[in-house]
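Input: a single structure, listed below in structure tokens.
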Amino acid sequence: GSLTGTLITPDQKFIVTASEDGTAKIWNNRTGKLRFNLVLHSGSVTDIAMSKDGSFIILGSGDGTYSKWEIATGKLLYHSLKAAPIEQLFLLSGDSVLILQKPLTLVRSYMKEGIEDEIFAGDNSQFIKLFTVSPDKKTVALYREFDGLCFYETENFEMLASTDRVTADSGYYE
């Protein structure tokens, strides 16, 4: 299937590709040879994230699951229960991950058996359109259809600040 994402490990030894066919592949960047074919998801791999040290990846899928894989061995480390299709994900410090699911719900997962995912229960969470995480992984910015940009601390989702609506045609905050 067509590619939906690519990443290169920090040491540049491996390239990881994600595909519409629900697979991801780990390639040797120097030889171009396939090392591991990661087969698990029944829906398209919609987003991919890599740990800062390049030791593992997280795959989000349209089938409503996400998985954690070790890059060096191709070993599956975690597979979530089925939820809602995944739009976007970001790794946080401490190996937790923020996941934007359809119908636009933000979830934090610790990717460990026995630890339940935390659903972001902020006002109007169903209207989250986009989110991004700061480089230091301490702040998440959410764009909500009716509230504009809202900034939260990632540890406990405490609101730090918010703006009025952002308009696409004006290019500035109202």
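None of the figures in this text is laboratory data; all of them are computed from the coordinates on show. Just so it is clear, the model here is predicted, and its values are computed rather than measured. Cβ atoms come from the backbone with ideal geometry, glycine included; neighbour counts cover every protein chain shown.
Pairs of Cα atoms in the stretch 32-85 fall into 10 Å distance bins, from 0 up to the last occupied one, in shares of 25, 54, 20, 1 percent. Peptides 34-46, 55-67, 148-160 ordered by packing proxy, namely the average of other Cβ atoms within 10 Å per residue, highest first: 55-67, 34-46, 148-160.
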